[in-house]
Structure formats: C-alpha cells, structure tokens
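Take a look at the structure below.
Coordinate-derived values only; no laboratory data. Small disclaimer: the values here were computed from a predicted structure and weren't measured. Note: ideal-geometry Cβ built from the backbone for every residue, glycine included; neighbour counts use all protein chains shown.
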RNA sequence: GUCCCCAUCGUCUAGUGGUCUAGGAUACCGCCCUUUCACGGCGGCGACACGGGUUCGAAUCCCGUUGGGGACGCCA
C-alpha cells in the first residue's frame with residue numbers, strides 16, 4: 001500500500017498535490033492501494049474543515065484512493081508502542097523543560113555546532129523518574145538514539161547513511177501524551193503495511209528517525225523511500241504557501257483545469273515522448289526513478305500552454321462553464337484564443353455589457369441602426385456588403401466598430417466566425433450595446 | 001554555523017566517454033496566414049557555472065571552487 005499523508009493545517013499547495021499525484025500513479029502501476037492519512041497530531045495547528053478540502057481537491061483531480069484514516073484515531077496504539085519502548089529501555093522519560101532546551105540550543109549556536117539533545121535525562125533511574133512523575137512534573141518520552149548508522153536507499157536520490165549523532169534522541173511522545181510526527185508516521189507506515197513512501201525532500205532527514213523507530217520496535221520489513229525534489233518559485237526560492245500560484249485553490253480560481261495542473265506537475269522534473277497527457281495516460285509511462293534530482297522552478301507560461309491544450313479537449317464548453325447551450329459556438333471561439341477558463345468567461349461576460357468605448361461610438365450607432373432595421377443575411381459576405389453599401393463605412397472604422405458591436409472588443413476573432421456563431425441572438429446583443 | 005542533496009538555452013529537460021556543430025518543449029523574435037488579436041505553419045535567438053585533473057578523446061568520470069536547495073522543534 002502507498003500513502004499520501006497531508007496535514008490539515010493549511011491550504012493544499014502544488015508541492016503536496018504533486019506528491020499525491022505521484023503516489024497515485026505509482027500505486028496504479030504497482031497495483032497497490034492508496035491510503036490517505038490525515039496527519040492531525042498537532043491539535044493546536046489543525047484547521048477545521050481542511051481535511052474535507054484536501055479530499056475534495058483529490059477527487060477533483062481524479063486521484064482515487066481506497067481508504068482515509070486520521071492519525072489521531074491511532075493515538076492509543078502510538079501510546080502503547082511508546083510504552084513498549086520504555087519497557088524495553090529503548091526510550092526514556094525526559095523532564096527537561098523549554099528553558100533548559102532553549103539554553104542548550106543557544107549554547108550550540110554559540111559554539112557553532114549543531115544542536116543535539118544533551119542526554120541529561122537518559123540515565124535517570126526508574127525510581128527517580130517515578131518520583132518526579134508522582135510530583136506531577138511534566139515529561140516527554142524520547143527514543144534513545146541508535147547504536148549504529150542507519151542506512152537506506154532512496155529510489156530517486158540513491159544511498160544515504162546517517163550517524164546516531166544525526167538521528168539523535170528525539171521526542172516521540174509529547175507532555176500531553178500525543179505522539180510527535182515522526183513517531184506517529186513511523187508506526188502508521190508500519191501498521192498499514194506501506195511498501196513505498198513517496199514524499200517531499202524536506203522529509204529526507206526524518207527518514208532515518210522513522211526507520212530507527214521501527215527498528216527499535218522490532219519491525220524488520222523494509223519500507224522503500226522516494227524523496228522528490230521540491231518546487232521553486234520563479235526567483236528560484238522555495239515556494240511559500242503564501243505565494244498565490246503555489247495554492248491549488250488559487251490556480252483553480254484563475255481558471256486552470258485540474259487535468260492541466262496535474263499534467264504540468266507530472267511533467268515538471270521529467271521528460272516524456274509527449275508533453276500533453278491525462279493523469280490516466282501518465283500511469284502508462286510515468287517512471288519514478290527518472291525524476292530529476294535537481295529542484296525545478298515553477299513556470300506559469302508552461303502551465304498556461306498546457307491549460308490551453310487541455311481546454312481544446314473540452315467537448316461541451318457551454319455546459320462546462322454553466323452557460324446556455326445557444327452560446328456554445330461563441331464560447332468555442334473565445335476558448336481558442338484564451339489560456340484560462342477565467343479569460344473565456346471574462347470575454348464572454350463582456351459581450352453582455354454596455355460598451356463604454358468612445359472612439360467608435362458614432363460608427364457603432366450607424367451600424368446598430370442599419371443592422372436592426374433589416375433582417376440578417378444567411379451569409380456573412382452578404383451582410384458585410386450591405387453594411388458597406390448602406391453605411392459607407394470601410395476599413396478599421398467598419399470592422400473594428402462592428403466587432404465592438406458584436407463582442408464589445410476591438411480585437412478578437414474574425415467577424416465572419418462571430419457572425420456565424422452569434423446570428424441567432426445577434427440583434428438581442430446589439431440592441432443593448 | 002553543522003550535515004546532506006543538486007548544477008545543460010530565460011524556464012522544464014534529452015544526453016550515462018567518441019554518433020554533440022549539444023536535441024526537444026515552452027517563452028521570446030521574425031516571416032507566412034489574416035482588413036484586427038490570437039490559433040496555425042515556417043524560421044531564428046539561446047546552454048554544458050568555474051578551475052584543475054583522468055583519458056587519444058569529457059556535457060558525461062574524479063577533486064576543488066562558486067552558486068542554489070533541504071534538514072537541524074514537545075511543526076508536519
């Protein structure tokens with residue numbers, strides 16, 4: 001089984017979504033199930049309703065999953081495991097308070113060495129610990145650092161080896177008895193029998209910790225890992241959640257199609273024979289091992305290009321956008337010259353607004369009168385000839401003002417096509433222009 | 001600061017010692033199409049970060065420098 005493990009603490013951003021997509025693709029390729037695990041161990045930071053939003057986005061993108069679990073519902077198991085480690089003396093209770101730890105951190109910084117837990121509480125005797133606990137002194141549980149180096153092979157990045165010093169004696173159970181991320185994650189990956197973990201590269205240094213936890217519990221089945229390079233913004237810095245185009249919601253609101261966004265995120269850091277494809281097509285040729293090891297910059301222009309390509313594939317654009325089917329042909333014209341759904345909508349909505357352009361105001365009035373006084377010709381050429389003859393307008397004055405009369409835009413599609421598409425309701429529009 | 005990872009056109013990449021005058025896509029520019037704007041067609045600009053090795057031969061292997069990124073929480 002594979003898993004996608006988001007925390008319900010903020011908006012879904014494209015980095016998360018990419019991880020979800022890759023997990024989905026690989027699960028499909030391997031014929032394994034996909035688990036969605038909501039990592040809600042931090043009560044303080046959980047945001048009500050974010051879990052639902054995440055699942056909605058996954059559904060929207062066509063990422064099918066087999067099961068959803070909340071990490072918090074396994075707290076009793078995590079606590080039991082922590083107890084087990086305590087009994088086996090693979091972990092210890094730690095009474096160091098924030099003040100003490102901050103002091104150690106400051107000290108490490110001053111001495112220009114990385115901060116590690118001092119080991120202060122590691123050798124407290126059981127009796128002493130019992131006594132302090134009875135006195136209601138708050139404590140956490142720390143796992144003892146490993147005795148040997150932790151090695152693993154990353155499917156994308158290759159071999160890694162971490163020393164016990166790097167793994168450190170870290171906290172697995174907080175003072176309120178809830179598990180920390182690494183502990184809950186390591187155990188849940190174990191109990192749901194996860195075969196491969198695909199996640200962002202920011203988790204690389206958590207990996208030896210999680211392996212160490214399972215080792216300490218005596219779990220010896222290997223879990224494979226693949227850490228994806230992160231996505232950078234246009235300036236080459238880490239995409240922060242605050243940046244608009246990092247937010248999936250924002251991209252959707254801007255009129256990017258889910259299938260285009262998915263296409264882009266799969267393409268980023270990859271290369272395939274074809275660049276425009278659907279999620280389902282990608283199942284056939286996606287190769288996790290071929291992903292570039294270097295971080296990739298987000299390129300809005302390429303996304304726009306892909307969005308345009310995917311918009312062309314929409315069969316029934318009026319239905320898709322929720323407009324009356326009589327406007328299908330006109331919407332198709334706008335679709336072919338736009339790069340987002342928002343752009344199509346804006347162009348379309350403008351058609352129904354009153355024109356406020358002064359330049360061709362007079363010409364528009366002349367044309368309007370002429371058009372409304374006579375029945376419309378079947379062919380555009382005949383229509384055009386009549387207008388030229390009866391209004392004696394020509395060139396820009398005729399065509400630009402005519403286009404404005406039709407779609408409230410000086411520039412745009414060929415009038416011939418617009419005429420054909422709009423003929424059934426042309427007079428209606430012009431009357432209100 | 002310490003540890004780890006990475007490095008080819010502006011951007012995403014192909015490339016695994018000779019086939020590289022470095023290929024594709026996108027972006028940009030030009031031409032064609034077009035009484036406008038786009039689409040489309042054709043063409044153009046444009047990169048192996050730097051310095052040392054190894055080798056008959058290096059974008060490709062090794063070392064260093066530089067630059068970028070990640071991690072260092074009772075966050076995930």
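Given that compact globular proteins tend to follow 2.2 N^0.38 Å, what is the ratio of the alpha-carbon Rg of chain A to that value? The partial results should precede the final answer.
Details: Rg = 30.7 Å, N = 433, 2.2 N^0.38 = 22.1 Å.
That works out to 1.39 for chain A.
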Taking the C-alpha atoms of the stretch A:317-431, how large are the radius of gyration and the largest Cα-Cα span, Dmax, in Å? 13.9, 42
What nm distance separates the two modelled labels at residue A:130 and residue A:103, each placed 7 Å from Cα along Cα→Cβ? 2.9
For an R0 of 51 angstrom, estimate the FRET efficiency from the Cβ-Cβ distance between residue A:161 and residue A:43 and round to the nearest 0.05. 0.90
Find the Rg to Rh ratio for the stretch A:76-173, where Rh is the Kirkwood radius over alpha-carbon pairs and Rg uses the same atoms. 1.03
How many nm is it between the label spots at residue A:123 and residue A:237, if each spot is 7 Å from the Cα in line with the beta carbon? 4.7
Based on alpha-carbon positions alone, could you give the equivalent ellipsoid semi-axes of the stretch A:1-104 from the gyration tensor, as √(5λ), descending, whole Å? 32, 19, 13
Peptide ranges A:328-337, A:359-368 listed from the most packed, as the mean C-beta count within 10 angstrom indicates: A:328-337, A:359-368
So, relative contact order of chain A in percent, Cα under 8 Å, 6 or more apart, is 14
Could you give the distance between the Cα centres of the stretch A:388-433 and the stretch A:241-304, to the whole Å? 39
